[in-house]
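Structure first, then comments.
The values are calculated or read from the model by the stated rules, or taken from the named source; none is laboratory data. These numbers were taken from a predicted model, which means no experiment stands behind them. Positions of Cβ are backbone-derived with ideal geometry, glycine not excepted, and every protein chain shown enters the neighbour counts.
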Amino acid sequence: MILFISSSFGIRHSAFASEYTLAPNDTLEIKITNQKNLDTKQAIAPDGSISLPLLGHVVASGQTLAEFNNYLTSEFSKYFENPQIVVFLTPRPIYVIQHNLEKNTWEVKDAKTIEEARAYAGKDYKGEIHYGDVIHVDTSSQPNWISDNWYRIITGTAVVVGIYATLHK
């Protein structure tokens with residue numbers, strides 16, 4: 001999912017922009033109209049910052065998309081009259097770790113959206129899902145040897161009883 005907000009065109013997906021909080025590993029692509037030499041694309045560093053031309057290191061983590069866009073507009077307006085800034089966001093992925101109990105195998109799925117993560121987690125998953133989460137789910141039930149092999153138990157018992165009965169006539 002790529003989302004962009006723009007100070008000149010209004011906020012797209014405004015509900016998402018007002019709720020989504022930037023965090024390390026989000027990838028931001030920042031473009032300033034008519035200033036191609038200042039365009040940049042980078043992930044937010046573990047300390048929450050990114051490095052921008054003219055501004056240096058700025059803290060992006062902890063801000064919503066709208067707050068960050070307003071901050072950039074304010075800071076770049078010191079260098080340009082009425083800057084038009086577009087921020088493209090690629091949110092951090094959601095990892096769904098599926099454990100198949102019957103086969104005792106693990107599979108990691110990389111979900112791009114919350115809806116995709118919910119589909120990977122399955123209909124029985126009731127927890128909340130947020131960008132950047134790591135979710136653990138079991139994809140099958142614990143194997144039960146008796147219920148999986150009841151016919152072998154009955155057949156084996158019948159054979160043993162038959163042999164015993166034959167030998168003790």
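Worth a mention:
- Pairs with Cβ under 6 Å, 6+ apart, first in segment 53-77 and assigned by TED's automatic domain parsing to the domain that holds residue 29, second assigned to a helix (DSSP H, G or I) and surrounded by 15 or more Cβ atoms within 10 Å (Cβ to Cβ): 53/38; 55/75; 60/68; 65/17; 66/17
- Of all residues in segment 33-52 being at pLDDT below 90 and outside any helix (DSSP H, G or I), the one that is nearest to the chain's Cα centre (by Cα): 33
- Condition met for residue 57 (within 16 Å of residue 24 (Cα to Cα), not hydroxyl-bearing (Ser, Thr, Tyr) and not in a loop (DSSP other than H, G, I, E, B)): yes
- Residues satisfying the stated conditions in segment 48-63, i.e. surrounded by fewer than 18 Cβ atoms within 10 Å (Cβ to Cβ) and touching a helix residue (DSSP H, G or I) at 6+ places or on another chain (Cβ under 6 Å): 53, 55
To keep it simple, each residue is scored yes or no on (1) crowded, with 16+ Cβ neighbours inside 10 Å; (2) among the basic types (Lys, Arg); (3) farther than 27 Å from residue 30 by Cα; (4) in the same structural domain as residue 42 (by TED's automatic domain parsing).
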site: 102; (1), (2), (3), (4): no, no, yes, no
site: 113; (1), (2), (3), (4): no, no, no, no
site: 120; (1), (2), (3), (4): yes, no, yes, no
site: 148; (1), (2), (3), (4): no, no, yes, no
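- Every residue from segment 90-117 that is assigned to a loop (DSSP other than H, G, I, E, B), farther than 25 Å from residue 43 by Cα and not polar (S, T, N, Q): 101, 102, 103
- Which listed residue, of 96, 137, 108, is surrounded by 11 or more Cβ atoms within 10 Å (Cβ to Cβ) and within 28 Å of residue 62 (Cβ to Cβ): 96
- Residue 120 vs. criteria more than 15 Å from residue 20 (Cβ to Cβ), in contact (Cβ under 8 Å) with a residue 12 or more places away in the chain and either in a loop (DSSP other than H, G, I, E, B) or among the β-branched types (Val, Ile, Thr) (or both): no
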